[in-house]
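Just below is one structure, and these are the notes that go with it.
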Amino acid sequence: MKSELFDLVLCAQQGDKEALYEIIRSFLPAIRSARRKIKDDRQEDLEQNIIEIIIKKIMSFDLVNTLDFTGFCQQLNDIYESEN
């Protein structure tokens, strides 16, 4: 999954919206799980905030100068956990 995610991030950074959507789709189960843990009236906001953060991280991630792509995956996981 890591090399596939790397390729999707690269494509998304080059403007491929389908690649961006694919990354987001892969995180939807975790996002929806987080939604269920908060009050109903805040669930939609939480989902939108997490998706926004993921998009910003994808678009700003430095694929050239970062030695460890696993760190990027961990950053996304940390974002998910901090929103819970």
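None of ILE31, ILE23, ILE55 is within 16 Å of GLN75 (Cβ to Cβ) and in contact with an Asp or Glu (Cβ under 9 Å, 6 or more places away or on another chain) except ILE31. Please determine whether any residue of the range 6-29 is in contact (Cβ under 8 Å) with a residue 60 or more places away in the chain and open to solvent by 30 Å² or more (accessible area, probe 1.4 Å). The answer is yes, given that some residue of the range 6-29 is in contact (Cβ under 8 Å) with a residue 60 or more places away in the chain and open to solvent by 30 Å² or more (accessible area, probe 1.4 Å).
The values are calculated or read from the model by the stated rules, or taken from the named source; none is laboratory data. Just so we're clear, the structure is a prediction, and the values are computed from it rather than from any experiment. Note that we place each Cβ from the backbone using ideal geometry, even for glycine, and neighbour counts take in every protein chain shown. Surface accessibility is based on the protein's heavy atoms, side chains included, excluding ligands, DNA and RNA. Shrake-Rupley method; radii C 1.70, N 1.55, O 1.52, S 1.80 Å.
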